[in-house]
Amino acid sequence: MVRPFKQAESGSEMSDATINQTGSNTGEAGFGDYFALLKPRVMSLVVFTALVGLAAAPVAVHPMVAFASILFIAVGGGASGALNMWWDADIDRVMKRTARRPVPSGKVTADEALAVGLTLSVMSVVMLWLAAGPVAAGLLAFTIFFYAVVYTMWLKRSTPQNIVIGGAAGAFPPLIGWAVATGGVSIESVLMFSLIFMWTPPHFWALALFMNSDYENAGVPMLTVTHGRKVTRKHILVYTILLAPVALGLCFTSIAGPTYIAAAVILNALFLKVAVDIWRRDEAAAEADKYKAEKNFFKLSLAYLFLHFGAILIDASLKSWGIWG
Amino acid sequence: MSGFREPHELHKRRGGLNIGVGVVLALFVAVVFGLTVAKVSTGGFQMNPGGNMGQSQSQTGGGN
């Protein structure tokens with residue numbers, strides 16, 4: 001099967017890349033190349049946040065059921081990554097950041113990526129249903145659909161708000177983890193979802209500020225391309241301000257303990273400070289120090305999310321050991 | 001007779017893929033087995049430990 005030729009905004013460069021892609025087929029990929037289709041780094045974030053959602057839930061889960069559920073959530077996340085690589089092979093080839101991925105580099109064909117993505121999607125949803133019930137499986141199925149169809153096929157190439165709405169796909173894992181344990185959804189799991197959802201735009205816009213040419217060359221309408229860097233800086237600040245009440249709101253739920261409260265207060269103050277620094281800078285200053293502040297914000301955003309969820313995990317452990325709560 | 005020759009890079013790569021797929025399949029079987037044991041040992045092959053499916057079915061059955 002050959003994927004339909006997609007129109008791209010960047011003109012002939014994109015078209016040539018796409019034509020070459022449909023004709024390339026090395027057919028001798030190694031195991032690691034197929035594994036790379038699943039976006040292991042994204043999967044590690046999925047595993048971590050789903051684990052936190054599961055551990056923070058007030059219902060104990062059999063360790064084997066928990067292990068299998070996390071595994072199938074990870075496989076489902078990986079499957080959506082493979083579907084993303086299948087659809088986006090043409091723009092991945094143009095962008096420096098993604099040119100070495102298995103499909104654009106010619107190690108794996110686009111059709112193989114599609115087959116891997118579809119097979120693992122079905123398998124992960126069915127297995128999660130058997131392991132944890134219909135709510136968790138339904139949420140996983142919706143996550144895969146949202147990332148592969150709503151974000152990748154629709155929003156990514158059509159609107160500069162792509163990352164805002166598409167970010168929901170990456171926010172589902174803690175919600176699924178919580179559903180594995182409780183069989184449902186609650187205010188706590190919705191707030192964990194909201195934390196990742198609100199965190200995603202400033203995280204990716206900071207990346208876009210110092211990788212702008214990549215998105216421009218590929219014709220992806222990132223905010224930096226469509227509205228310029230000044231507007232992007234303003235949006236980063238606005239979303240960082242909106243993120244803070246979500247993160248602090250979790251302090252008032254049953255899953256927050258002293259570790260989370262301390263982490264949330266410190267991290268949000270720090271995140272806001274760097275967002276203000278980025279907002280105040282102009283392009284001349286950013287180019288002069290090679291986007292140092294923007295790169296720092298990007299690194300800090302990774303730590304921000306990891307430490308918030310790490311704090312929830314620590315508080316859940318303290319509770320289970322009877323030390324707190 | 002050419003004797004023992006160094007395997008071609010292509011064969012090494014295929015061998016690695018075959019071993020990788022084999023290990024994944026073996027792990028999948030182990031996970032399904034472990035999950036089955038866990039479900040059976042927790043009683044009644046309940047679909048969700050804290051949830052509704054197994055319980056609601058038995059409750060509905062009892063009520064009717």
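Please count how many residues of the range A:115-139 are away from every other protein chain (no Cβ under 14 Å) and touching a helix residue (DSSP H, G or I) at 6+ places or on another chain (Cβ under 7 Å).
So the count comes out to 3.
Exactly one of these conditions fails for A:Ala131: (1) under 17 Å from A:Ser80 (Cβ atoms); (2) over 15 Å from the mean Cα position of the chain (by Cα). Give me its number.
Failing condition for A:Ala131: (1).
Are any residues in the range A:67-85 more than 17 Å from the chain's Cα centre (by Cα) and away from chain B (no Cβ under 14 Å), and if so, which ones?
none
Kindly indicate the residue of the range B:1-22 that is within 9 Å of another protein chain (Cβ to nearest Cβ) and at pLDDT 90 or above and also surrounded by the most Cβ atoms within 10 Å (Cβ to Cβ) among those meeting that condition.
Here the answer is B:Gly20.
If you scan the range A:1-40, which residues turn out to be at pLDDT 90 or above and in a helix (DSSP H, G or I)?
A:Phe31, A:Gly32, A:Asp33, A:Tyr34, A:Phe35, A:Ala36, A:Pro40
Kindly establish whether A:Ala262 is assigned to a helix (DSSP H, G or I), out of contact with any Leu (no Cβ under 6 Å at 6 or more places or on another chain) and loosely packed, with under 15 Cβ neighbours inside 10 Å.
Here the answer is yes, as A:Ala262 does meet what is asked.
From the list A:Val46, A:Val65, pick out the single residue that is within 23 Å of A:Ile255 (Cβ to Cβ), hydrophobic (A, V, I, L, M, F, W, C) and in contact with a Gly (Cβ under 6 Å, 6 or more places away or on another chain).
A:Val46
Go through (1) assigned by TED's automatic domain parsing to the domain that holds A:Ile73; (2) surrounded by 19 or more Cβ atoms within 10 Å (Cβ to Cβ); (3) touching a helix residue (DSSP H, G or I) at 6+ places or on another chain (Cβ under 7 Å) one by one and return the number of the condition A:Glu112 breaks.
All conditions pass for A:Glu112, except number (3).
Checking the condition free of Cβ contacts under 8 Å to residues at least 60 places away in the same chain and either within 14 Å of another protein chain (Cβ to nearest Cβ) or of a type in the set (Asp, Glu) (or both), which residue from A:Gly177, A:Gly184 passes?
A:Gly184
Mind listing just one residue for me: the one in the range A:215-224 that is surrounded by 21 or more Cβ atoms within 10 Å (Cβ to Cβ) and not polar (S, T, N, Q) and, of those, modelled with the highest pLDDT?
Here the residue is A:Leu223.
Of a type outside the set (Val, Ile, Thr), assigned by TED's automatic domain parsing to the domain that holds A:Ala74 and part of a helix (DSSP H, G or I): which single residue out of A:Leu207, A:Leu191, A:Leu130 fits that description?
The conditions single out A:Leu130.
What number of residues within the range A:29-55 satisfy the criterion of being within 13 Å of chain B (Cβ to nearest Cβ) and under 20 Å from A:Ser194 (Cβ atoms)?
Going through the range A:29-55 one residue at a time, the tally reaches 1.
The values are calculated or read from the model by the stated rules, or taken from the named source; none is laboratory data. This structure is a prediction, so every number in the text was calculated from the model and none was measured. We place every Cβ from the backbone using ideal geometry, glycine too, and count neighbours over all the protein chains shown.
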